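K.L.:
Please find one structure pasted underneath; my questions will follow.
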Amino acid sequence: MEYMFFHSYSITEVDLSMFKTKELKSLKNMFDSCYSLKTIDMSNFAENQVSDLTSVFSNCQSLENVNLKKFDSSQVTKMYYTFFNCTNLKELDLSSFHTDKCSDFTNIFAYISKLTIIVDPRYAINIIEKFGKTYTIINVTNF
């Protein structure tokens with residue numbers, strides 16, 4: 001699925017509900033530079049082997065909503081530039097994300113001025129440590 005919708009400038013939404021994701025290993029640049037993409041639901045990616053999320057949403061400047069609930073991130077090691085320049089993104093629920101294997105977060109949220117990130121510290125303590133002073137972090141275990 002690498003580069004699948006790369007530079008699809010005019011798409012506003014994509015239906016991924018029928019995608020088979022069990023053997024999926026990389027989403028690198030999948031939606032990179034989809035400037036008009038406003039919403040994406042990846043909740044059906046519950047079973048996968050994805051290790052690379054490099055630039056998957058980079059430059060999706062109209063992106064407002066990303067549903068990553070149930071997304072299996074347990075094998076992810078690369079997240080650099082994942083949400084780079086997603087300037088309309090205001091809230092991101094990463095509460096189901098396991099990021100303990102991820103070592104590269106370079107520019108993951110660059111050029112997003114105000115962002116609230118929802119996390120579960122049992123799975124994503126490195127997100128809190130790296131971005132807690134820059135962005136608003138909501139700890140789901142405090143609800």
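The values are calculated or read from the model by the stated rules, or taken from the named source; none is laboratory data. As the structure is a prediction and not an experimental result, all values here were calculated from the model. Note that we place each Cβ from the backbone using ideal geometry, even for glycine, and neighbour counts take in every protein chain shown.
K.L.:
Could you check the stretch 54-68 and list, in sequence order, the residues that are within 10 Å of the chain's Cα centre (by Cα), modelled with pLDDT under 95 and among the polar types (S, T, N, Q)?
P.N.:
Once the filter is applied, which keeps residues that are within 10 Å of the chain's Cα centre (by Cα), modelled with pLDDT under 95 and among the polar types (S, T, N, Q), the stretch 54-68 yields only Asn67.
K.L.:
Against the condition over 11 Å from the mean Cα position of the chain (by Cα), modelled with pLDDT under 95 and assigned to a loop (DSSP other than H, G, I, E, B), how does Phe71 come out, does it pass?
P.N.:
Values: over 11 Å from the mean Cα position of the chain (by Cα): no; modelled with pLDDT under 95: yes; assigned to a loop (DSSP other than H, G, I, E, B): yes.
Considered against the rule, which asks whether it is over 11 Å from the mean Cα position of the chain (by Cα), modelled with pLDDT under 95 and assigned to a loop (DSSP other than H, G, I, E, B), Phe71 comes out as no.
K.L.:
Same structure again: Buried (at least 20 other Cβ atoms within 10 Å of the Cβ), under 14 Å from Val56 (Cα atoms) and not aromatic (Phe, Trp, Tyr): is that true of Thr82 in this structure?
P.N.:
Working: buried (at least 20 other Cβ atoms within 10 Å of the Cβ): yes; under 14 Å from Val56 (Cα atoms): yes; not aromatic (Phe, Trp, Tyr): yes.
So Thr82 fits the description; yes.
This table checks each residue for (1) buried (at least 18 other Cβ atoms within 10 Å of the Cβ); (2) closer than 20 Å to Leu24 by Cα.
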| position | (1), (2) |
| --- | --- |
| Asn59 | yes, no |
| Cys86 | yes, no |
| Phe97 | yes, yes |
| Ile108 | yes, no |
| Thr116 | no, no |
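K.L.:
Please list, ordered by first then second residue, the pairs with beta carbon atoms under 7 Å, 6 or more apart or interchain, first in the stretch 128-143 and within 19 Å of Ile108 (Cβ to Cβ) and aromatic (Phe, Trp, Tyr), second assigned to a loop (DSSP other than H, G, I, E, B) and at pLDDT 70 or above.
P.N.:
Phe131/Phe109; Tyr135/Phe109; Tyr135/Leu115
K.L.:
Using beta carbons and a limit of 7 Å, which pairs, at least six apart or on different chains, have the first residue in the stretch 6-21 and closer than 25 Å to Gln75 by Cβ and the second one of a type outside the set (A, V, I, L, M, F, W, C) and exposed (fewer than 14 other Cβ atoms within 10 Å of the Cβ)?
P.N.:
That search, which allows pairs on different chains as well, returns Thr21/Glu47.
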